[in-house]
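The values are calculated or read from the model by the stated rules, or taken from the named source; none is laboratory data. Computed from a prediction, not measured in an experiment: that's the story for all the values here. Positions of Cβ are generated from backbone atoms using ideal geometry, with glycine treated the same way; all protein chains shown enter the neighbour counts. With ligands, DNA and RNA removed, areas are computed over all heavy atoms of the protein, side chains included. Shrake-Rupley method; radii C 1.70, N 1.55, O 1.52, S 1.80 Å.
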Amino acid sequence: MIPAPIIQAAKVSHTQPRVLDKAEVAALRPRLLATENDDMDCERMQFPDEPSVHGQIAKDEFMLIPLDDQHSLISTLCWHAAYNQGHAYWVIDKGLAGKPVIVTNRGTNYQEGVISNYFLGNSMGNIATTEEWVWDGKAFRKSRLALYRTVSTEGGWEMPGWVTEVKPAL
């Protein structure tokens, strides 16, 4: 049996996130867009005036989340579908001067050093996937991937796709 990779979680800042102002977004947008590739794009950044599936234009808001004394996390809505949405998350230096590194464009939540997502696979809600990335002080490391299938009102099953052992922050 191969042991699961170990990720040592790092302590994170408890400083409140803030919305980036228009000048900060204008300076950052080209660098954020430069991180896109075939697997990770952010259509809301490319087409900010396009309506979402519900016919409304999503608010073009970028959040700055302090991670520690040297790093911050930037987040914005990337796409919106009928019953799922994805936010992009980038790690950048605290001063916003360096090159941002994209973590995912499929995030749905950030809390206490963990970016996560939960996506419904169909409108009945009986199929779902979840992923998590944990901050280790230098980067976010993929820590979990699983598929859920509900087969009855009494429950279902979980099929792991990626498993790690996450050690709590010291």
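Can you name the residue in the stretch 124-142 that is open to solvent by 40 Å² or more (accessible area, probe 1.4 Å) and β-branched (Val, Ile, Thr) and is also farthest from residue 169 (Cα to Cα) among such residues?
At the first step, the residues of the stretch 124-142 found to be open to solvent by 40 Å² or more (accessible area, probe 1.4 Å) are 124, 127, 129, 132, 136, 138, 141-142.
Add one more test, that the residue is β-branched (Val, Ile, Thr), and what stays is 127, 129.
Details: 127: 32, 129: 26 Å.
By that ranking, first place goes to 127.
If you go through the stretch 72-86 and keep only what is in a strand (DSSP E or B) and open to solvent by 40 Å² or more (accessible area, probe 1.4 Å), you end up with 79, 80, 85. Kindly indicate which of 60, 49, 38 is modelled with pLDDT under 95, closer than 16 Å to residue 18 by Cα and not in a strand (DSSP E or B). Of the residues listed, the single one that is modelled with pLDDT under 95, closer than 16 Å to residue 18 by Cα and not in a strand (DSSP E or B) is 60.
Of all residues in the stretch 92-138, count the ones that are among the aliphatic types (A, V, I, L, M), outside any strand (DSSP E or B) and farther than 16 Å from residue 66 by Cβ. Explain how you work it out, then say what you get.
First, pick out the residues of the stretch 92-138 that are among the aliphatic types (A, V, I, L, M): 92, 96-97, 101-103, 114-115, 120, 124, 127-128, 134.
Filter again for outside any strand (DSSP E or B), leaving 96-97, 124.
Still in the list and also farther than 16 Å from residue 66 by Cβ: 124.
Within the stretch 92-138, residues that are among the aliphatic types (A, V, I, L, M), outside any strand (DSSP E or B) and farther than 16 Å from residue 66 by Cβ number 1.
Condition check for residue 148 on (1) out of contact with any Phe, Trp or Tyr (no Cβ under 7 Å at 6 or more places or on another chain); (2) under 21 Å from residue 41 (Cα atoms); (3) among the hydroxyl-bearing types (Ser, Thr, Tyr): one failure, at (2). When residue 29 is tested against (1) surrounded by 14 or more Cβ atoms within 10 Å (Cβ to Cβ); (2) modelled with pLDDT under 95; (3) not in a helix (DSSP H, G or I), exactly one condition is not met: (3). Number of residues in the stretch 133-160 that are modelled with pLDDT of 95 or more and small (Gly, Ala, Ser): the value is 4. Taking every residue in the stretch 145-170 that is open to solvent by less than 70 Å² (accessible area, probe 1.4 Å) and pairing it with any residue that is among the acidic types (Asp, Glu) and in a loop (DSSP other than H, G, I, E, B), at least 6 positions away or on another chain, the pairs with Cβ-Cβ distances below 9 Å are 169/112. A residue that is out of contact with any His (no Cβ under 8 Å at 6 or more places or on another chain), closer than 21 Å to residue 166 by Cβ and open to solvent by 40 Å² or more (accessible area, probe 1.4 Å) can be found somewhere in the stretch 116-123.
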